[in-house]
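Undergrad: Okay, here's the structure, questions in a sec.
The values are calculated or read from the model by the stated rules, or taken from the named source; none is laboratory data. Bear in mind the structure is a predicted one, so any value in this text is a computation, not a measurement. Neighbour counts are summed over all protein chains in view; Cβ atoms, including those assigned to glycine, are modelled from backbone coordinates with ideal geometry. Side chains included, ligands, DNA and RNA excluded: accessible areas come from the protein's heavy atoms. Shrake-Rupley method; radii C 1.70, N 1.55, O 1.52, S 1.80 Å.
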Amino acid sequence: MVTLRISDEVNRKLEEYLALLLLQKGIKIDKKRFVEKAILHAIRDKKFIEELVGDVPLEEDPAWVLLDKPKRWGIKDSSTRIDEYLYG
């Protein structure tokens, strides 16, 4: 079991939404089930990910920046020795 903390405002909006579902559609869904389904839907939805992170150019992507500056790791070229550093 993992505890997930959300802001009071988001919690209030979620409770309102779930109450509306019950009143308007007669559908009762608990918070846990709703959040689990919403997370799985967001993971599958590529538009959500793009909206979440924006359209970051490759040169600005944090992972790419780290790979592009291997001197911080104490090596000259990340492409030749990356497996050694990652896997020992």
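Undergrad: Every residue in region 12-55 that is touching a Leu at 6+ places or on another chain (Cβ under 9 Å) and not aliphatic (A, V, I, L, M), please.
TA: Within region 12-55, the subset touching a Leu at 6+ places or on another chain (Cβ under 9 Å) is 27-31, 34-35, 42.
Selection gives Lys28, Asp30, Lys31, Phe34.
Undergrad: If you don't mind, there's one more thing I want to ask. Give, as residue ranges, the helices (runs of 4 or more DSSP H) completely inside region 20-88 that count at least 1 residues that are on the phi < 0 side of the Ramachandran plot, modelled with pLDDT under 70 and hydrophobic (A, V, I, L, M, F, W, C). Break it down stepwise before answering.
TA: On the way: elements: 31-44, 46-53, 62-68, 78-87.
Answer list for region 20-88: 62-68, 78-87.
Undergrad: Of all residues in region 12-37 being within 18 Å of Met1 (Cβ to Cβ) and not charged (D, E, K, R), which is least open to solvent (accessible area, probe 1.4 Å)?
TA: Our first condition is that a residue be within 18 Å of Met1 (Cβ to Cβ); within region 12-37, this holds for 30-37.
Filter again for not charged (D, E, K, R), leaving 34-35.
Values: Phe34: 63, Val35: 48 Å².
In this case the residue turns out to be Val35.
Undergrad: For region 1-11, which residues satisfy the criterion of being open to solvent by 100 Å² or more (accessible area, probe 1.4 Å) and either within 17 Å of Glu36 (Cα to Cα) or touching a Lys or Arg at 6+ places or on another chain (Cβ under 9 Å) (or both)?
TA: Within region 1-11, Met1, Val2, Thr3, Leu4, Arg5 meet the criteria.
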